[in-house]
1. Please order Asp170, Asp147, Asp264, Asp288 by the number of other Cβ within 10 Å, starting at the fewest.
2. Assuming a ≥ b ≥ c are the square roots of the Cα gyration tensor eigenvalues, decide whether the range 38-152 counts as rounded (a/c under 1.5), prolate (otherwise, with a/b larger than b/c) or oblate.
3. In deg cm²/dmol, rounded to 500, what helix-only [θ] at 222 nm does the chain give when every DSSP H run of at least 4 residues adds -39500 (n - 2.57) and the total is split over its residues?
4. Taking the simple approach of a point 7 Å from Cα along Cα-to-Cβ for both Arg89 and Glu19, what is their distance in nm?
5. Using the Cα centre of the range 100-244 as origin and beta-carbon charges of +1 (Lys, Arg) and -1 (Asp, Glu), tell me which of Gly221, Tyr168, Gly115 is placed farthest towards the positive end of the dipole.
6. At 7 Å along Cα-to-Cβ for each site, give me the label-to-label distance between Ile312 and Met166 in nm.
7. May I ask for the Rg/Rh ratio of the chain, computed from Cα atoms with Rh as the Kirkwood radius, given to two decimals?
8. Tell me the Kirkwood radius of the range 141-267: reciprocal of the mean inverse pair distance over distinct alpha-carbon atoms, in Å.
Amino acid sequence: MLVDCHVHTWRYPDHFNKEAMLANQPERRWCWPDEKFKLLLDQPIEPYLELMEGVVDRGIIVGQSAWNTSGIAIPNEYLAGVARQHADRLSWCCCVDPVQAGAADEVEKCVKELGAIGVGELNPIQWQACANDPRAYPVYEVCQSLDVPIVLHVGGASHMDTRVRMKYGDVLAVDDIAIDFPHLRIVICHLGYPKYEDASFLVQKHENVFADISYLPSVSGLERTIINRHMPVVNFPYLHYAYPLLYCLSQVYGGADKLIFGTDWGVSRPRESIEVLKGINTYLRKYDLPLIPESTIDNILYENWKKVFTRIA
């Protein structure tokens, strides 16, 4: 069973704080009409359902909660409704701003009453507080007690976060959370992009820390050569795909069974992301780099997610 562990859906303008959103946009877009922003930002689930057909068995939707910073906050009721409408194909994680009052109660309601199987995508850069901020600990405590994982974006900021400070994305803050909540399963999004080394050692160090490899095929440039065969072939995609995978799998002991597959749709697409992963050894051979065992690639795609998202395993 192939599970895409990192899928996004939201609607524009319903889920956007336009004032905060505009603050993160280039000045040339400030005069854009809503119709143009809708083309750029609207992300209904239907296109993903078409793309996953015959490729992905189940997708896990993750949310966003950054009304005053990135300018996006997706109601958990909306995410629950989308997953319920497509229950044979989708599961979902609820999302909160953990440093805000009432966040832990919202998580408990979403898991117990609305069927959330995890919490995320939690993004401390968007909260403007590090992931190990004590105000977030009640949320982690609830997740640990309910036995649901958190999906945590630490590392870099996205294109929607130009006005927020990246210092709050400190990957090493996960070390504190993993120690203080040893039974809480933690997924580091995008293998900590671009802080791959820190994320890899955390995955190795802590039994309860995992990482997804979503977005990496896109940022490496490999995916675009598949989507558009006329684009130039990426000659050396080592930095943003082969490198982090090799580092985690061969340089750090115990990392092979801790990586899970995800796309970060609508940045990356499922068929192309899978094709890049399955074909990664072609590039490694080209540059005489260590190969990734085919069994490891199969486990990333089909097996490792079961250790994290136990409610659907």
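Each reported figure results from applying straightforward, stated rules to the coordinates on display, with no laboratory input. Everything quoted here is computed from the prediction, not taken from an experiment. Cβ coordinates were reconstructed from backbone atoms using ideal geometry, including for glycine residues, and neighbour counts include every protein chain displayed.
1. Fewest-to-most ranking of Asp170, Asp147, Asp264, Asp288: Asp288, Asp147, Asp170, Asp264.
2. Verdict is oblate for the range 38-152.
3. Helix-only estimate at 222 nm: -9500 deg cm²/dmol.
4. Taking the simple label geometry, Arg89 and Glu19 are separated by 3.9 nm.
5. Gly221
6. My value for the distance between the label points is 3.1 nm.
7. 0.94
8. Final number for the Kirkwood radius of the range 141-267 is 15.4 Å.
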